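Data block below; observations after.
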Amino acid sequence: MDEAPGLSDQYRTASPWPVFIALGIPISELGLLFDLFPLAVGGLLLFGGSVVGILKESGYVTSTIRAVTALAVIFLAFGAGLAFTDIALVTRGYAVIAAAILLAVGGVVFELFVREQRQTF
């Protein structure tokens with residue numbers, strides 16, 4: 001009797017990105033809610049990197065640098081909205097801006113130094 005009926009080697013394994021997205025959102029929310037700068041930045045980096053990873057893996061984007069740049073611009077706009085309004089959310093806005101900058105720098109470093117591995121079958 002087959003242990004995994006209907007499955008064969010032609011199907012890929014499950015993607016790890018949804019778990020990291022699901023962890024990045026609450027970590028960043030806890031950091032933003034309780035005004036914990038490193039936790040907010042780390043959670044936003046985990047969330048942003050995972051979103052870009054899942055977009056690349058599923059084939060929606062061909063270049064990771066464009067996806068990272070677009071997400072960094074969205075984070076930057078959101079962070080600027082938080083930091084430069086009259087509401088007392090300045091440190092939270094700075095956390096989102098810092099995450100946007102680190103995400104963009106990480107995307108550039110990834111694009112420059114990590115070579116895409118081609119699989120040959």
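Is it true that Phe110 is in contact (Cβ under 8 Å) with a residue 40 or more places away in the chain, in contact with a Ser or Thr (Cβ under 7 Å, 6 or more places away or on another chain), farther than 23 Å from Pro16 by Cα and among the aromatic types (Phe, Trp, Tyr)? No. Just name the residue that is farthest from Ala95 (Cα to Cα) out of those in segment 23-48 that are exposed (fewer than 13 other Cβ atoms within 10 Å of the Cβ) and modelled with pLDDT of 90 or more. Looking at the filtered set, the residue picked out is Pro26.
Got a sec? Which of Ile54, Ile65 is within 20 Å of Val19 (Cβ to Cβ), of a type outside the set (Ser, Thr, Tyr) and at pLDDT 85 or above? When all the criteria are applied, what remains is Ile54.
The values are calculated or read from the model by the stated rules, or taken from the named source; none is laboratory data. Quantities reported herein were computed from a predicted structural model and do not represent experimental measurements. Quick reminder, even Gly has a Cβ in these numbers, built from the backbone with ideal geometry, and neighbours come from all protein chains shown.
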